[in-house]
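The values are calculated or read from the model by the stated rules, or taken from the named source; none is laboratory data. Fair warning: this is a prediction, and the values are worked out from it, not measured in the lab. Using ideal geometry, Cβ is built from the backbone for each residue, glycine included, and neighbour counts are taken over all protein chains shown. Remember, those area values only see protein heavy atoms, side chains included, never the ligands or the DNA or RNA. Shrake-Rupley method; radii C 1.70, N 1.55, O 1.52, S 1.80 Å.
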Amino acid sequence: MKSSPANRSRDIERQAGYLRPEHCTPPPPRSHSAGEMWFIRDGCGIVCGVITWLLVFYAEFVVVFVMLVPAKNVVYSLINGAVFNGLAFLALASHFRAMCTDPGAVPKGNATKEFIESLQLKPGQVVYKCPKCCSIKPDRAHHCSVCKRCIKKMDHHCPWVNNCVGENNQKYFVLFTMYIALISLHALMMVALHFVFCFEEDWTKCSSFSPPATVILLILLCFEALLFLIFTAVMFGTQVHSICNDETGIEQLKKEERRWAKRSKWMNMKVVFGHPFSLAWLSPFATPDQGKANLYQYVV
């Protein structure tokens, strides 16, 4: 069988001298516990994350104090308040988990002679060394210039969650986009109903604020909700499509050759959201059981 150019370039990395393990110093001892929270100290990402929370809090303020509290129908206010606040809480919880969960970082600086020998590689097995973080890269891992680490099954780096979207936190990112889209849609529906109600009633009776302030607050909320609804709905659909096809955003962009086993779409969903299917799929507090996967998967 004739090998492709991609395979021939991979054959070069089978040479022992290519990895140059002598150029890598052993990784420094961990000065923190294994359970320490993951957090990327990136200025742009931190600002974007704070803005995300502030926008959700603004929507919360307008929905509760401008539309629901002044409403005469107590049942309407209680039901919509419970639904909106519940979705907003799940959205922020998903954002926190996506931001503070290790996305699948490869141990930094492990491309040492001792570690390579401990892998007990068989003849013909292919390994990669990342020249930037000096680590042995698993298959389908990519280096992130912001996180400064190689990330397993890296989809992309999202500044809005100040983290990479990878193997371990993709579920939380998908839930974040879904819940933000839902609260945006819910807010738009309530704004439309509020405008209809205020046109039929005295504006001074449909809000605790003055009519000009009420209109400005509702227009800003409508603009924010519409913008985030379009953005997160598209992102949610893109993520689900990528998960079903088991192909990350980087792999699609680079049009990388598929070298991994093909599974059904339902099985791909289980890999990300957990085995078996349950309501835990919708919970940002449930860590998905992805099974016992080998940390380093090599292609022969």
Rg over Rh of region 126-178, using C-alpha atoms and the Kirkwood radius, what does it come to? 1.02
What ranking, highest mean first, results for peptides 122-130, 104-112, 237-245 when packing means the other Cβ atoms within 10 Å averaged over each residue? 104-112, 237-245, 122-130
How high is the FRET efficiency between Ser210 and Tyr58 when r is their beta carbon distance and R₀ equals 22 Å, given to the nearest 0.05? 0.75
Can you divide the C-alpha Rg of region 80-123 by 2.2 N^0.38 Å and report the result to two decimal places? 2.28
Just the number, please: Stokes-Einstein D of region 66-186 in µm²/s, Kirkwood Rh from C-alpha pairs, 4 °C, 1.567 mPa s. 76 µm²/s
Per the Kirkwood formula on distinct C-alpha pairs, the Rh of region 166-264 is how many angstrom? 16.4 Å
Accessible area per residue of region 217-290 at 1.4 Å probe, in Å²? 60 Å²
What is the distance, in nm, between label points placed 7 Å from the Cα along the Cα-to-Cβ direction at Ser278 and at Val196? 4.1 nm
Just to be sure I understand the curve: with the Debye formula and one point per C-alpha of region 51-91, what is log10 I(q)/I(0) at q = 0.14, 0.30, 0.31 Å⁻¹? -0.30, -1.02, -1.05
In nm, what is the difference between 0.36 nm times the number of residues separating Leu227 and Gln120 and their Cα-Cα distance? 33.3 nm
Highest-first arrangement of 225-231, 157-163, 89-95, where packing means the average Cβ count within 10 Å: 157-163, 89-95, 225-231
Hits among lysines - C-alpha to C-alpha of Lys153 under 23 Å, sequence gap 8 or more where chains match: Lys108, Lys129, Lys132, Lys137, Lys171, Lys254, Lys255, Lys262, Lys265, Lys270, Lys292
Assuming 0.36 nm per residue, please report the length gained on full extension of the stretch Phe89 to Lys72 beyond their Cα-Cα distance. 3.6 nm
State the extension gain, in nm to one decimal, for the chain segment bounded by Val234 and Lys254, taking 0.36 nm per residue of separation less the distance between their alpha-carbons. 5.1 nm
Along its principal axes, what span do the Cα atoms of region 46-120 show, with the longest given first and each in whole Å? 73, 24, 7
